[in-house]
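Note sheet for the following structure.
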């Protein structure tokens, strides 16, 4: 059961946790000081986006407008996928600073990933999804998540700064219908980022997700810089526990509303002092640059660039001394001053920190 204060619903996706316990072979290698391949990659294949979400951390990462974007070439993407499979990467999520459906190379990439038996997923705003390619796309994916942080046309425009609510909802419905028609295994989800202006949408969006027939809605806080560039309402999150619990009550055996409680309640602070998670999870910008963490896409970029998969293969990048030196450098970063709050590595880094810093008398289990 998920650790939540509200209704006890089994969250089979473990949204408020991590899954490193199912990869203890790689964890043990890391504990032994071996140079390991990452388990997972978050990759962008474009630098641009066709939305203007008020909470978008991609703006701080150097995200471009759609008409100014750089698209990763198809040959570089296919090589990246093949290299990832060869070196032992076990999953890839098409998640970057931009909207990956803007790059048509996505579809050939997904087909190739399916061909080589590489687990892949995508997070999308759902605006630009060609219906004629949707089925093939879904058949290649383990999960597909629509980023939608509002439940009405007006609030959607207020949060996402584009009039696309009906189009997105229709595309979600089309995906759900295809899944049911063809009995696909893919999980279809929604993701909501909570800011001050959409708190009143939390319960209505939970209701909408159930009506649409998706598998889950995940509710998460907005990430921010340590000095509050995004004005994330960390204190306000503590005041809306009853609203989030009400949203969770829409959960049943076929639909889960999953609140990231640990992140919602941590006031933007991390309980670990050093980030070890980058050894297991890398993030690649839409321009092909490899980073330990997406926070550094446009901040101290020269310090934390590991390489570029357009200029060199992922295999070459991971074997380079530059790659391993950047991992060491990350461990010198003050995670509560120099990083974003509620980062991508939050859960796994807490687990790895605990492993590195055991309690006394560990044999007394």
May I ask you to verify whether residue 351 is out of contact with any helix residue (DSSP H, G or I) (no Cβ under 7 Å at 6 or more places or on another chain), more than 28 Å from residue 82 (Cα to Cα) and surrounded by fewer than 21 Cβ atoms within 10 Å (Cβ to Cβ)? no
Only one of 36, 87 is crowded, with 18+ Cβ neighbours inside 10 Å and either in contact with a strand residue (DSSP E or B) (Cβ under 7 Å, 6 or more places away or on another chain) or farther than 29 Å from residue 227 by Cα (or both). Can you tell me which? 36
Mind telling me which of the residues 108, 154 ends up being modelled with pLDDT of 95 or more, under 20 Å from residue 190 (Cα atoms) and either surrounded by fewer than 22 Cβ atoms within 10 Å (Cβ to Cβ) or touching a helix residue (DSSP H, G or I) at 6+ places or on another chain (Cβ under 6 Å) (or both)? 154
All but one of (1) closer than 23 Å to residue 18 by Cβ; (2) surrounded by 20 or more Cβ atoms within 10 Å (Cβ to Cβ) hold for residue 250; which doesn't? (1)
Count, please, the residues in region 197-248 that happen to be in a loop (DSSP other than H, G, I, E, B), over 21 Å from the mean Cα position of the chain (by Cα) and over 23 Å from residue 343 (Cβ atoms). 1
Select from region 301-350 the residues that are in a loop (DSSP other than H, G, I, E, B), within 21 Å of residue 225 (Cβ to Cβ) and without any contact (Cβ under 8 Å) to a residue 12 or more places away in the chain and list them in ascending order. 332, 334
Among the residues of region 49-58, is any surrounded by fewer than 17 Cβ atoms within 10 Å (Cβ to Cβ), at pLDDT below 95, farther than 30 Å from residue 253 by Cβ and out of contact with any helix residue (DSSP H, G or I) (no Cβ under 6 Å at 6 or more places or on another chain)? yes
Scope region 194-216; condition over 17 Å from residue 53 (Cβ atoms) and either at pLDDT below 95 or in contact with a helix residue (DSSP H, G or I) (Cβ under 7 Å, 6 or more places away or on another chain) (or both); matching residues: 203, 206, 212, 213, 214
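Residues are listed down the side, and each one gets a yes or a no for (1) in contact (Cβ under 8 Å) with a residue 60 or more places away in the chain; (2) closer than 21 Å to residue 333 by Cβ:
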| residue | (1), (2) |
| --- | --- |
| 225 | yes, yes |
| 229 | yes, yes |
| 233 | no, no |
| 258 | yes, no |
| 263 | yes, yes |
| 267 | no, yes |
Inter-residue pairs, beta-carbon under 6 Å, first within 22 Å of residue 267 (Cβ to Cβ) and in region 239-255, second in a loop (DSSP other than H, G, I, E, B) and at pLDDT below 95, 6+ apart: 245/6; 248/6; 248/7
Do we find a residue being surrounded by 15 or more Cβ atoms within 10 Å (Cβ to Cβ), more than 20 Å from the chain's Cα centre (by Cα) and closer than 18 Å to residue 196 by Cβ anywhere in region 260-269? no
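The values are calculated or read from the model by the stated rules, or taken from the named source; none is laboratory data. None of the values given here were measured: they were computed from a predicted structure. All Cβ positions, even for glycine, are placed from backbone atoms using ideal geometry, and neighbour counts span all protein chains on display.
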